[in-house]
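Following: one structure in structure tokens, then a few remarks.
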Amino acid sequence: MPRNRLLGALCPADREWLLSQGKIVLLPFGRVLAEPGQLLESVYFPLSGFISLFTAVDERHSIEVGLIGNEGMVGSSLALGVDSSPVHALVQGPGKALQLEADVFETALGNSATLQRVMQRYLHVVLGNLAQAAACSRFHLVEARLARWLLMTQDRAHSPDFHLTHELLAHMLGVRRVGVTKAATALQQRRLIRYSRGDITVLDRTGLERASCTCYRADRALYEEILGSRQSRGKPLETELTPVSSPLRNSAKPIN
């Protein structure tokens, strides 16, 4: 099972402490993890599966603004001192996650320099992705944008096969369902994907990357630059930071 990359960036002592305080939970399809304006009771570090983030445009319409897999987490606004979510977080690809109670995560933030730095870097990446998505929606064609979202989903599903309904694809792209059908049909005719009743198979990953807009590569490059295997000043991220491990290990009770 893929590990969570944010947890993997922590120093071993802090990572083991967080694992000891949380629990591995199953995230079924359709489960709501956060609602706009509602208090965050837990945070989630996905190990598999993926979660869509939506924002409402009005009472009838919403658009997807983010996709989270094992590269990220749900509930990152707590790292900014905000205890509510700005978006609707919905499980679209079932999987497993490390669940931590919000107060445990906040305690860890207050006592771990490693976790603070990792979260700062992650939030920088999130802001960069949001800016990229705004530009993408304004300037790129629907077919190229669909290819981008399918690549993003495959990365988080860790499989060429996944399920996305027409309705969800319309939310992803901010277009009507007829636009989704036209774009998906074009990719299928080029033998890049197979699409039937929401079941999608990526047939030609390289071709799909060529069909995608440049935003897909830009998002990946930003993540790898800030949170990937890049070394800073000759040292890996987890050893560059100074963990405050003693208070962290002793400051909270395990979650039952």
(request) Calculate the all-directions average of the projected area of the chain's alpha-carbon convex hull, and give it in nm². (result) 13.7
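Trypsin sites (Lys or Arg not before Pro), restricted to segment 98-193: which are DSSP loop and have at most 12 other Cβ atoms within 10 Å? Intermediate results must be reported in sequence, preceding the final value.
Details: sites: Arg117, Arg121, Arg138, Arg145, Arg148, Arg156, Arg176, Arg177, Lys182, Arg190, Arg191; in loops: Arg176, Arg190, Arg191.
Within segment 98-193, the qualifying trypsin sites (Lys or Arg not before Pro) (loop, at most 12 other Cβ atoms within 10 Å) are Arg176, Arg191.
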(message) Give me the dipole magnitude in Debye, nearest 20, for the chain about the Cα centre, with unit charges on the beta carbon: positive for Lys and Arg, negative for Asp and Glu.
(response) 840
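Longest exposed-loop-site-free stretch of the chain, with GluC sites (Glu not before Pro), DSSP loop and at most 14 other Cβ within 10 Å?
Working: sites that count: Glu41, Glu59.
After excluding every exposed loop site, the longest remaining stretch is 60-256.
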(request) Could you tell me how many degrees, from 0 to 90 and to the nearest 10, lie between the Cα long axis of helix 12-21 and the main elongation axis, the longest principal axis, of the Cα atoms of the chain? (result) 80
(request) Pick out, from Leu203, Val32, Leu115, the residue whose Cα sits farthest towards the positive end of the charge dipole of the chain, with +1 on the Cβ of Lys and Arg and -1 on the Cβ of Asp and Glu. (result) Leu203
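Might you tell me the accessible area per residue for segment 74-176, computed with a 1.4 Å probe and given in Å²? Write out the running numbers ahead of the final one.
On the way: 4240 Å² over 103 residues.
Averaged over the residues of segment 74-176, the accessible area is 41 Å².
From the helices alone, meaning DSSP H stretches of at least four residues, give me the mean residue ellipticity at 222 nm for the chain, per-run term -39500 (n - 2.57), in deg cm²/dmol to the nearest 500.
-14000 deg cm²/dmol
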(request) Filter the chymotrypsin sites (Phe, Trp or Tyr not before Pro) in segment 9-95 to those in DSSP coil with at most 12 other Cβ atoms within 10 Å of their Cβ, and list the result. (result) Phe29
(request) Quick one: dipole size for segment 43-141, taken about the Cα centre, charges +1 on Lys/Arg Cβ and -1 on Asp/Glu Cβ, in debye to the nearest 20. (result) 360
(message) Over the Cα atoms, compute the radius of gyration (one decimal) and Dmax (the largest Cα-Cα distance, rounded to a whole number) for segment 27-71, in Å.
(response) 11.6, 33
(message) Nearest 10 degrees is fine. How inclined is helix 215-227 to the longest principal axis of the chain, computing both from alpha carbons?
(response) 10
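Quick check: at a probe of 1.4 Å, how many percent of the accessible area of segment 44-95 sits on carbon and sulfur atoms?
Details: 1100 of 1980 Å².
Here carbon and sulfur together make up 56 percent of the probe-accessible area.
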(message) Of Ala144, Val82, Phe105, which is farthest towards the positive pole of the chain's charge dipole, taken about the Cα centre with +1 and -1 on the beta-carbons of Lys, Arg and Asp, Glu respectively?
(response) Ala144
(request) Please give the helix 102-111 orientation as an angle from the longest Cα principal axis of the chain, in degrees from 0 to 90, rounded to the nearest 10. (result) 60
(request) With the full set of protein chains in place, find how many percent of the accessible area of segment 103-155 is carbon and sulfur; take the probe as 1.4 Å. (result) 57
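The values are calculated or read from the model by the stated rules, or taken from the named source; none is laboratory data. As the structure is a prediction and not an experimental result, all values here were calculated from the model. With ideal geometry, Cβ positions are generated from the backbone for all residues, glycine too; neighbour counts draw on all protein chains shown. Heavy atoms of the whole protein, side chains included, go into the accessibility calculation; ligands, DNA and RNA do not. Shrake-Rupley method; radii C 1.70, N 1.55, O 1.52, S 1.80 Å.
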